Each structure stands twice: as C-alpha cells, then as structure tokens.
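**Student:** Dropping a structure here in structure tokens format, bear with me for questions.
The values are calculated or read from the model by the stated rules, or taken from the named source; none is laboratory data. These numbers were taken from a predicted model, which means no experiment stands behind them. Here the Cβ is made from the backbone with ideal geometry for all residues, glycine too, and neighbour counts use every protein chain on show. For the accessible areas, the whole protein counts, side chains as well, though only heavy atoms, and no ligand, DNA or RNA atoms are used. Shrake-Rupley method; radii C 1.70, N 1.55, O 1.52, S 1.80 Å.
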Amino acid sequence: MKRIVLAAASSGSGKTTVASLLCLALRKRGLVVQPFKFGPDYLDPTHLTRAAGREARNLDTFLLAPQRMRELFARSAAPADISVIEGVMGLFDGRDPSSDEHSTADLARLLGAPVVLVIDAGGMARTVAAVAAGMRDFGGAQGAGGVQVAGVILNKVGSARHAELCEVALRQVNLPVLGFVTKDQHIHLPSRHLGLLSAEQASWEDTAALNAAQHLRLDDLLAVAATAPALPVPPLPQATPPCTRIGVASDEAFHFYYPDALDELRLSGAELVAFSPLRDAQLPGGLGGVMFGGGYPEAHAAELAANVSMRASIRTFAASGRPVIGECGGLMYLGQTLTDLAGGVHEMCGVIPYHTRMNPRVTLGYREATALQPSPLCPAGTALRGHEFHFSSLTHAPTHPAYRWTAQGGQEVTEGYARGNVLASYLHLHYGGFPAVARRLVEQCAGKSAEIQKAIQ
C-alpha cells in the first residue's frame, strides 16, 4: 500500500489545494488514487473526491480506535495504486500542546506513512529550510520511531526562480524538494465560515489545476510513497442482507456524513435512500427510519421553511414512532424555529421543542459523552466519542438532553434531545468507530417497520 501524508506547519498553508492537485495529477497518469482526510472534516474531502475520482475517507485517531482506524484505512487503500492522506492543522497539533496525541504526526506513525511537508513559501527563501528542518528534527524526537519527513512541496511560490532559491536552501538540510505550486488564484481554494467551500461551491478548473500540477515531481513522490511498510489487509466484512430502508437527507443543506459510517449502516442491513428536504415534496415511501446530517440549513433556511409539505411529512413520520436522527444541522431543522444572523426567524419541522439561532462564534471540539436517555442509537449510560463544530446554539436549556460530558474547565454540559424514537444533537458520531450504534439503529428501524406492516395487515 503506497501512501504519503501531506502535512504543514499550520492551517492555511494550502494542504487541501496541494493534495487535490496531487490526486488529480496522479489520476491523469492513469493511477487509482485513494484520498483520505485526517480529522472530523466534511468539506476538504469533497475536493479530494473530485480530484481523485474516488470517494475520500476520513481518518481520526480520537473517533476511531487505532486498530479500527488502520482496518478502515487498509480496506479502502488496498485496491488503490497510492493513497494520499491530507493532514490537519500543523503537523504536531493535537488535543493539547504537551503531546502530539491525535495529531497528523500521530496518524503518520500509526500508519507507518512517510510525511511530505507542504510549506507556504510566500515571502521566504532560505527560511524555508529552517522551518522544514525544524519540523523534521522535532518529529524525530517524538515517541518510538519518530516521524519520517521525506521531503517538501513548496506552495505559493512566486516563480520557478523563487522555487530554485528555496531548493538550494533545502539541500543544506538534506531535504529534497518534491515539487512546487505557484501563486495562482484559479487553483487556490477559498474558505468560508466552516472551513473550505465544498467542491460543488468552489471554482476549480481542471485545466488550470493540471497546469499547476506539472511542477509536482510525481516519480519522486511515488518513490517516497513506496517506502511505506506493508500493512495487513483485513478480510471484507460479511454484510447483513438488507432488512430496512433508511432515508438520508442529501442536498445543499444536508451533506455532512462520514462514508465509512454510511458503509457501517449498509453492512448492518440498511438500504440507504437519498432524499432532498429542499426539493422533494415528501419523504420517500417504505422507510424504517430517517437521518438528517450536518450541513448548511442556515444558508437555505427560507427554502426549507417554504417546503411546507416536506416538513409536514417529517412530522407525520416522527409521530409514527419510526426512528428520526438529527446531527447538528439536522437538530436545527428538526426544531421549531431557526433564527439567522440577520434576525430572521424561519419555521422548521417542529419535531422537537427546540429553537436555534446563529452566532458569530464557533463551538468546536472533541467530546467524550455519556448517553442520558435510551435512543435509537444506544442505551442510556453508553459512552461515546464525538465532535462538535457549529455556529448555532439553542436559545434555551435542553429539556430532554441526550448526552452529558465534562468541559475543559470541569463544567458539566448536557446537550441534545432524546425522547422515544427521536434523537437530535450537535454531536457528530462516527458509526465506523462504534459499529454497535449502527447495528442498533438498523435493528430499531427494521423492528418498527415490521410493527407498522403488521398493524396495516
């Protein structure tokens, strides 16, 4: 399994742009490229997916136990010629500054993957070597085996001459340049409030991208990827025959799902049926349950509110007792109202008695949570790991909280809604890390569908 990790000194260095260019260039060479994104990120993978022509997968050392993460990685990487893994933040940035636990460096060690540094060379020449050597040498001091920094890709260089000056400096610290990317407004991806724009929203022309990618030294990069040691390929899991249909909200307003989590539902016996809360008049027929992932309901609040028939269909479905799951944006949509940043109030589904409003500041972080109530996902008392990243909040305290966790300052936090067949929360869960959660949801959906069918007959 040839593989490399693209890492940087900080966020904003251009990792996603460079990773996407590399995936595209390797794909155009005729290789099968499997992209991965480290961390609980939903947007960067859309760019990697488009560039590679193969669905990007998320890797996370907090949401997934190390062995489970390696299994999921190997399952997707094995059929490919090379895997390109985009890191997160700076190479050594994890949960706290005293260790690199849950950092890109941690991931590289767990996967035995060589690291290629993406360095924003704008305004630098010889200093590039100091930055790169510092990261390499710091990595060598970390833990058993250290981090193998194999070379550098220079980003945002002013010209070929600028790249040459940087390369001369890097030779002095014995780090090879594996390519460079120039300052080109047509290829560098713009940001928005939750990170990058999704691939569907960004303008990224393949012609301009391929022109930029011509400065990547693909043969050298492939040689680096080939130095990664072999990993065992896990046997393909035995899938349960389909026993229920689960509706998955999928459109511009709701599209934050981990591919491995959806796969876990399929393996547990679910047929996943996509639908659009924006455009469809009602839910698809024959569903045993329905899921609303995260996304941008605030950006489409007026259209969601205007689709009165869909909102009524969801209320009727919830009243039938079949499982309804909302994550983050899904919680906002299932609530009574959503207030946007301009103060506009939009009617939502009214399935849960919650009101949300948009805020200028973000709430984010990993969470170690305990379920307070039984839900379609787990019994009360279940310990789960998840992630928050949202700019909205409740306008009131939760009345039927789903989870409890302890914040950094020791404060106890209760969050979400869990009552009967409905679970809504800001917590993003990765079912790939908790297969029992996926199995329980499928069983609940199948059981409720069977009850309804029996009642009809």
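**Student:** Residue by residue through the range 226-242, what is 3J(HN,Hα) from phi via Karplus (6.51 cos²θ - 1.76 cosθ + 1.60, θ = phi - 60°)? Round to whole Hz and write x for glycine and proline.
**Tutor:** 6, 7, 5, x, 5, 10, x, 9, x, x, 5, x, 7, 7, 6, x, x
**Student:** Suppose R0 equals 22 Å; then what is the FRET efficiency for Thr363 and Thr395 from their Cβ-Cβ distance, rounded to the nearest 0.05?
**Tutor:** Calculated transfer efficiency: 0.95.
**Student:** Here is a follow-up. Note down the Stokes-Einstein diffusion coefficient of the range 3-151 in µm²/s, whole number, using a Kirkwood radius over alpha carbon pairs, 37 °C, and 0.692 mPa s. Please report the intermediate quantities before stating the final value.
**Tutor:** Details: Rh = 15.4 Å.
Result for D is 214 µm²/s.
**Student:** Hey, another quick one. If R₀ is 41 angstrom, what is the calculated FRET efficiency for the pair Ala436 and Ala223, using the beta carbon separation as r and rounding to 0.05?
**Tutor:** FRET efficiency, Ala436 to Ala223: 0.45.
**Student:** Still on this structure, please answer the following. Take the solvent-accessible surface of the protein heavy atoms, probe 1.4 Å, and return the percent of it on the chain that carbon and sulfur atoms account for.
**Tutor:** 52
**Student:** How far is it, in nm, from the label point at Ala78 to the one at Gln411 when both lie 7 Å from their Cα along the line to the Cβ?
**Tutor:** Reported label-point gap for Ala78 and Gln411 is 4.7 nm.
**Student:** Under a Cβ-Cβ cut-off of 15 Å, what is the net charge of the residues other than Asn307 that fall near it, where Lys and Arg count +1 and Asp and Glu count -1?
**Tutor:** Overall, the nearby charge balance is -2.
**Student:** Please list, by residue number, everything in the range 247-268 whose backbone N is under 13 Å from a paramagnetic label point 7 Å out along Cα→Cβ of Ala239.
**Tutor:** 262-268
**Student:** Still on this structure: Check every DSSP H run in the chain and write down those whose alpha carbon atoms cover 18 angstrom or more along the long axis and whose mean Kyte-Doolittle hydropathy is -0.5 or greater.
**Tutor:** Helices passing the filter in the chain: 15-28, 127-140, 435-456.
**Student:** Continuing with this model, one more query. Hey, could you pull the Cα Rg and Dmax for the range 362-457, both in Å?
**Tutor:** Computed over the Cα atoms of the range 362-457, radius of gyration and Dmax are 15.0, 56 Å.
**Student:** Taking only the alpha-carbon positions of the range 245-302 and ignoring solvent, what does the Debye formula give for the base-10 log of I(q)/I(0) at q = 0.30 Å⁻¹?
**Tutor:** After summing over all Cα pairs, the log10 values are -1.27.
**Student:** Next question. Tell me the relative contact order for the range 1-52 as a rounded percent, counting alpha carbon contacts under 8 Å between residues six or more apart. It would help to have the intermediate numbers written out before the result.
**Tutor:** Working: 36 pairs, mean separation 18.9, N = 52.
This gives 36 percent for the range 1-52.
**Student:** Would you tell me the accessible area of Leu364, worked out with a 1.4 angstrom probe on the heavy atoms of the protein chains, in Å² to the nearest 10?
**Tutor:** 90
**Student:** Placing +1 on the Cβ of each Lys and Arg and -1 on the Cβ of each Asp and Glu in the chain, which of Leu304, Met291, Val181 has its Cα farthest towards the positive end of the resulting dipole?
**Tutor:** Going by the Cα projections, it comes out as Met291.
**Student:** If we sort 8-19, 127-138 on the protection proxy, mean other Cβ atoms within 10 Å, highest first, what's the order?
**Tutor:** 8-19, 127-138
**Student:** How big is the range 222-322 on each of its three principal axes, counting only the C-alpha atoms and giving the largest first in Å?
**Tutor:** On the principal axes, the range 222-322 reaches 56, 34, 16 Å in Cα extent.
**Student:** Something else about it: For the chain, how big is Rg over Rh, using alpha carbon atoms and the Kirkwood form of Rh?
**Tutor:** Using Cα coordinates only, the ratio equals 0.99.
**Student:** Could you check the simple spin-label distance between Ala160 and Ala312, using points 7 Å along Cα→Cβ, in nm with one decimal?
**Tutor:** It is 6.7 nm.
**Student:** Add +1 for every Lys or Arg and -1 for every Asp or Glu among the other residues with Cβ under 11 Å from the Cβ of Val118, and state the total.
**Tutor:** Neighbourhood net charge equals 0.
**Student:** Now, a different point. Determine, for each peptide in 113-119, 247-253, 384-390, 343-349, the mean count of other beta carbons within 10 angstrom over its residues, then list the peptides with the highest first.
**Tutor:** Working: 113-119: 26.9, 247-253: 21.9, 384-390: 20.0, 343-349: 16.7.
Highest mean packing first, the order is 113-119, 247-253, 384-390, 343-349.
**Student:** May I pose another question? Any aspartates and glutamates with Cα under 12 Å of the Lys156 Cα? List them, leaving off those in the same chain fewer than 8 positions away.
**Tutor:** Of all the aspartates and glutamates, those that pass the test against Lys156 - Cα under 12 Å, at least 8 places apart if same chain - are Asp120, Asp184.
**Student:** Here is a further query. HN-Hα J couplings of the range 345-354 from phi, Karplus 6.51/-1.76/1.60, θ = phi - 60°, integer Hz, Gly and Pro as x?
**Tutor:** Working through the residues one at a time gives 9, 10, 5, 10, 6, x, 6, 10, x, 10 Hz.
**Student:** What's the local net charge at Leu236, with K and R +1, D and E -1, over the other residues with C-beta under 15 Å away? Before the final figure, lay out the partial values.
**Tutor:** Numbers: positive: Arg75, Arg266; negative: Glu71, Asp260, Asp263, Glu264.
Computed value for this residue: -2.
**Student:** Using a 1.4 angstrom probe, figure out how much accessible area the chain has per residue, in square angstrom, rounded to the nearest whole.
**Tutor:** Values: 18440 Å² over 457 residues.
Accessible area per residue, the chain: 40 Å².
**Student:** Now, a different point. Taking only DSSP H segments of four or more residues, each worth -39500 (n - 2.57), what value at 222 nm results for the chain once the sum is divided by all its residues, to the nearest 500 deg cm²/dmol? Could the numbers behind the result be given before it?
**Tutor:** Numbers: 13 runs with 140 residues, N = 457.
After summing the helix terms and dividing by residue count, I get -9000 deg cm²/dmol.
**Student:** What's the extension gain from Gln172 to Glu271 if we count 0.36 nm per residue and subtract their Cα-Cα distance?
**Tutor:** Numbers: separation 99, 0.36 × 99 = 35.64 nm, distance 5.68 nm.
This chain segment gains 30.0 nm when fully extended.
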